1. Once fully extended, how much extra length lies between S343 and A284, figured as 0.36 nm per residue of separation less the alpha-carbon to alpha-carbon distance?
2. Tilt of helix 202-212 relative to the longest C-alpha principal axis of the chain, in degrees (0 to 90, nearest 10)?
3. Picking from P335, P218, P86, which is most flexible by a Gaussian network model of the chain using Cα springs under 10 Å?
4. So if I restrict to the alpha-carbon atoms in the range 240-322, what is the Rg, and what is Dmax, the biggest pairwise distance, in Å?
5. FRET efficiency for E74 and K103, Cβ-Cβ distance as r, R0 = 51 Å, nearest 0.05?
6. Is the C-alpha gyration tensor of the range 11-60 telling us rounded, prolate or oblate? Criteria: a/c under 1.5 is rounded; beyond that, a/b larger than b/c is prolate, otherwise oblate.
7. If every alpha-carbon in the range 214-255 counts as one equal scatterer, what log10 I(q)/I(0) does Debye give at q = 0.20, 0.25 1/Å?
8. Please work out how much length the chain gains when fully extended from A167 to A273, using 0.36 nm per residue of separation minus the C-alpha to C-alpha distance, in nm with one decimal.
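Read-outs: derived from the displayed coordinates by stated rules, not from any lab. Quick caveat, the model's predicted, so the values are computed rather than measured. We place every Cβ from the backbone using ideal geometry, glycine too, and count neighbours over all the protein chains shown.
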Amino acid sequence: MLLRHPAHPGRGVRLAYSQNVHPAASAREVVDALHGVTARLRERLGHTGAFGVGLYFSASVAEELEVSPKARAELADALRDHAFDPFTYNAFPFARFGESGLKAAVFDPPWSSNLRVQHTQRVARLACELVEACEDVVGRAAHVSISTHTGAHSSRLDAAVAAAIPAGFQAALLELARLQRERSTRVVLALEPEPRANVNDLAALAAWRTEALAPHGPIDRELAARHLGACIDACHAAVEFEEPLRAFVHAIVGDAPLGKLQYTNALALHDPARHELGRERFFALDEPRYLHQVTALGRRGLLRAGDLGEVRERFQAGDAAWCEAREWRCHFHVPTDLEAGGSDGLGTTRTHAEALLGTVLGSPGRWGTDELHLEIETYTWSILSTDRRGAGELVDGLEREYRHVLGLLAAHGWRPA
């Protein structure tokens with residue numbers, strides 16, 4: 001879905017939702033989800049023009065698509081039949097996404113591994129082919145975005161891995177440059193900081209990028225300015241209490257293009273020591289699939305934990321810093337339309353996400369691209385209770401999120417083209 005603003009001719013916003021909310025184990029399952037979920041969502045919204053999709057290919061699905069012309073043709077046909085616009089991709093989870101026990105392994109393999117490089121290059125080649133196949137139906141985006149992590153989880157990081165990560169990105173950028181020369185499609189690899197990764201937040205990303213770029217670092221500056229961008233995840237930025245304007249400025253340091261803004265909320269618990277019910281509901285969200293890093297706003301600064309269970313242990317042990325904290329924020333993606341606060345102290349970072357979106361929308365000249373890619377990413381739908389996700393099935397939830405986000409875009413003057 002492409003949106004325009006009368007005061008910003010030549011600029012656009014492309015909206016999609018990330019299909020990692022229904023991860024597919026095969027190319028056929030990707031196609032089935034387009035027919036069974038995305039098409040129904042588009043009908044609910046009454047949108048008749050091109051409709052954006054945020055495609056997620058696991059490593060096995062991407063490999064299947066690359067080796068099977070028939071599978072690629074079936075996917076391209078499904079996209080064309082529904083006028084779906086395949087402008088953005090998620091290459092972060094390599095395998096087992098949504099499976100019990102995944103946790104920090106979602107970062108495997110790291111960017112020091114050829115497996116990670118090859119997977120990302122494969123997704124880029126598929127993206128260019130799909131964009132070209134759909135161009136006569138939906139037009140062509142100003143760039144294609146691929147989100148990925150920044151290198152490795154901190155628990156899996158040593159000196160050798162850290163030293164090899166920039167070379168992995170450089171190899172990927174060379175392939176993206178080749179694709180642009182041969183296929184005229186600009187692909188932006190969008191690095192997504194995550195709490196407790198080797199790059200914890202957007203401020204750390206700015207520092208990492210400055211160090212990694214030539215002439216002092218191993219990544220070519222010209223290639224990076226064209227193809228190595230940032231992915232701002234609104235949930236991650238909120239968890240780390242990153243002020244919206246600073247988060248945006250850090251994302252575009254060193255001429256970095258803003259490849260993508262992933263729009264979602266985090267969980268927030270205000271005055272945790274005072275809200276026993278909210279605290280117990282917060283702890284009850286601990287589960288075995290995804291990482292739920294927690295950051296607290298303490299009296300002497302920020303406190304950090306690697307997962308929800310650690311916070312419970314610290315609180316129950318009487319850790320004064322955690323017990324006296326003013327707010328806990330948790331990396332648990334929750335729908336964009338959920339209210340910011342409840343009577344039990346448990347709420348969301350919706351206010352932060354809306355401020356971040358407004359900041360980015362207010363400065364199109366600083367995106368480093370002609371379009372902002374905006375992707376709704378509430379991949380935790382299947383593990384959320386009804387009071388945390390709202391009534392109905394997945395399509396109902398996605399419809400509510402879309403209507404909420406479209407309302408925010410309209411308030412800033414951006415409307416469907």
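1. Numbers: separation 59, 0.36 × 59 = 21.24 nm, distance 1.75 nm.
Length difference between fully extended and current span is 19.5 nm.
2. Here the helix axis deviates by roughly 50 degrees.
3. Result: P218 has the largest fluctuation of those listed.
4. For the range 240-322, the Cα radius of gyration and maximum Cα-Cα distance read 15.6, 46 Å.
5. Values: r = 34 Å, r/R0 = 0.66.
So, using R0 = 51 Å, E works out to roughly 0.90.
6. On the way: a/c = 2.79, a/b = 1.51, b/c = 1.85.
In terms of gyration-tensor shape, oblate.
7. Treating every Cα as an identical point scatterer, log10 I(q)/I(0) equals -0.69, -0.84.
8. Details: separation 106, 0.36 × 106 = 38.16 nm, distance 4.60 nm.
Extra length available between A167 and A273 comes to 33.6 nm.
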